[in-house]
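Presented below is the structure to which this report refers.
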Amino acid sequence: MTTPLREIVALADLPVDVVGDFFAVLTLKEAGTTREAKPFFNLRFEAKGRSLAFAVWNDMGWFGLCRDSWRVGQWFKIRGLWRDHARYGPKLEASLIRLANDDDRDDGFDPAALSGLPQIDPDQLFVSIIDLAESIVHPGLKSLTLALLCDHEALLKKLPASKGRFHVHPGGWVQHTLGVAHTVNVLVLDYIQRNPSAAMRLDRDLAVSAALLHEIGRVREWVEPEEMALVPPEISVEGQLVGPHLLARDMVRDKAVSIPELDATRRLALEHLLLSFLERPEWGSPRLPAMPEALILHHADDMDAKLEMYLRHMDESTGTGPFTQADPVLKRVLWSNRNFPPVPEPKAT
């Protein structure tokens, strides 16, 4: 049995199995076909951190509108409820769906406020990225890294780091890149200080340059949308056919032509790091790592991505018990409400 809410609520505040009116943006629209060869659409609506999947079947009254008019990035007013499906995650059951309009602003329709985007300053984060690039000692690696970052500064500040996985908000690229590069820098310097063999084998400049450029291929993999919001960027033709890591290698190779200070051996080593840091072919790595810097970059990248996913899911979970709902991307529940007892006061000596 469901309980209706008459007032408009935020999707993030709507309880499970309670019918309410809310606003949400369409972030996914995928066409599909049933076993009986009937068309349908998989949709995803999102607002302020909560995301709900919804299927529009061909016998629904909305099917024609969905097929012909509904577009990713549009905001909708919806009457419905969300159910927490054990296998597929949060699902929407709707009785009314229509495009939101200016008349809805009296009822609280404000896309900027409803987006729930993280409060980050991409300009300041990018300054920190440039500071790290400036700390590279080798003149060729420094010039190459700074040139590629500065050439694409405006777009990099707006891009997410990934589609639907980690740091998915505008500015996520700079947030993720700074986190990875900072971690790589700390780890390399620590190993060099503690391990004589590492001091002989690890190249700090090379590792930091690769960390700052490891996702630079995104600027060519994706088509820049007209407006960066919750909408994931569309993949470009070369992004689909070539992929971001080979595109990053191509960008390094093209830019290196104008930087005589960058020797061919270091350029080749940087290219290898960009092609191998994902480590496993099933994760999209074109090559297996053949350098220790690739191992450090791999784990720094994986940790930064996974930690953001863990923390965001714990923040957005509406569970009342000790565990979150199952996350469809992480494919697990998280122990969120741990309620540790307070740390005891140290005994006087």
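Data for the structure
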quantity: Cross-chain or 6+ apart pairs with Cβ under 7 Å, segment 29-50 first and touching a residue at least 12 places away in the same chain (Cβ under 8 Å) and more than 20 Å from residue 74 (Cα to Cα), then among the polar types (S, T, N, Q) and surrounded by fewer than 20 Cβ atoms within 10 Å (Cβ to Cβ); calculated: 38/58; 39/33; 39/58
quantity: Tally, over segment 269-279, of residues that are farther than 19 Å from residue 137 by Cβ and part of a helix (DSSP H, G or I); calculated: 5
quantity: Residue count for segment 184-198, restricted to those that are surrounded by 12 or more Cβ atoms within 10 Å (Cβ to Cβ), in a helix (DSSP H, G or I) and either charged (D, E, K, R) or modelled with pLDDT under 95 (or both); calculated: 1
quantity: Which listed residue is assigned by TED's automatic domain parsing to the domain that holds residue 107, within 29 Å of the chain's Cα centre (by Cα), of a type outside the set (Val, Ile, Thr) and surrounded by fewer than 18 Cβ atoms within 10 Å (Cβ to Cβ), from 12, 47; calculated: 12
quantity: Residue within segment 89-98 that is small (Gly, Ala, Ser), under 27 Å from residue 312 (Cβ atoms) and either crowded, with 19+ Cβ neighbours inside 10 Å or free of Cβ contacts under 8 Å to residues at least 12 places away in the same chain (or both) present; calculated: yes
quantity: Filtered residue count, segment 17-54, keeping only those that are of a type in the set (Lys, Arg) and under 22 Å from residue 324 (Cα atoms); calculated: 3
quantity: Filter result for residue 52 (in contact with a Gly (Cβ under 8 Å, 6 or more places away or on another chain) and closer than 28 Å to residue 310 by Cα); calculated: no
quantity: Filtered residues of segment 16-40 (kept if closer than 20 Å to residue 233 by Cβ and either touching a Cys at 6+ places or on another chain (Cβ under 7 Å) or buried (at least 19 other Cβ atoms within 10 Å of the Cβ) (or both)); calculated: 24, 25, 26, 27
quantity: In segment 158-178, the residues that are among the charged types (D, E, K, R) and within 18 Å of residue 130 (Cβ to Cβ); calculated: 158
quantity: Residue match in segment 67-79 (condition: touching a Leu at 6+ places or on another chain (Cβ under 9 Å), in a loop (DSSP other than H, G, I, E, B), over 22 Å from residue 316 (Cβ atoms) and of a type in the set (Lys, Arg)); calculated: yes
quantity: Qualifying position, being aliphatic (A, V, I, L, M) and within 18 Å of residue 122 (Cα to Cα), among 216, 259; calculated: 216
quantity: Residue satisfying all of: in segment 280-316; buried (at least 19 other Cβ atoms within 10 Å of the Cβ) and either assigned to a loop (DSSP other than H, G, I, E, B) or over 16 Å from the mean Cα position of the chain (by Cα) (or both); modelled with the lowest pLDDT among these; calculated: 289
quantity: Residue identified as within 19 Å of residue 204 (Cα to Cα), surrounded by 15 or more Cβ atoms within 10 Å (Cβ to Cβ) and not hydroxyl-bearing (Ser, Thr, Tyr) among 267, 249; calculated: 267
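This table checks each residue for (1) within 15 Å of the chain's Cα centre (by Cα); (2) part of a helix (DSSP H, G or I).
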site: 137; (1), (2): no, no
site: 140; (1), (2): no, yes
site: 143; (1), (2): no, yes
site: 147; (1), (2): no, yes
site: 160; (1), (2): yes, no
site: 165; (1), (2): yes, no
site: 169; (1), (2): yes, no
site: 173; (1), (2): yes, yes
site: 176; (1), (2): yes, yes
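Yes/no matrix, rows are residues, columns are (1) closer than 25 Å to residue 197 by Cβ; (2) of a type in the set (Asp, Glu):
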| position | (1), (2) |
| --- | --- |
| 251 | no, no |
| 254 | no, yes |
| 268 | yes, no |
| 278 | no, no |
| 288 | yes, no |
| 324 | no, no |
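The values are calculated or read from the model by the stated rules, or taken from the named source; none is laboratory data. All figures in this text were calculated on a predicted structure; none of them were measured in a lab. Neighbour counts run over all protein chains shown; Cβ positions are idealised from the backbone, glycine included.
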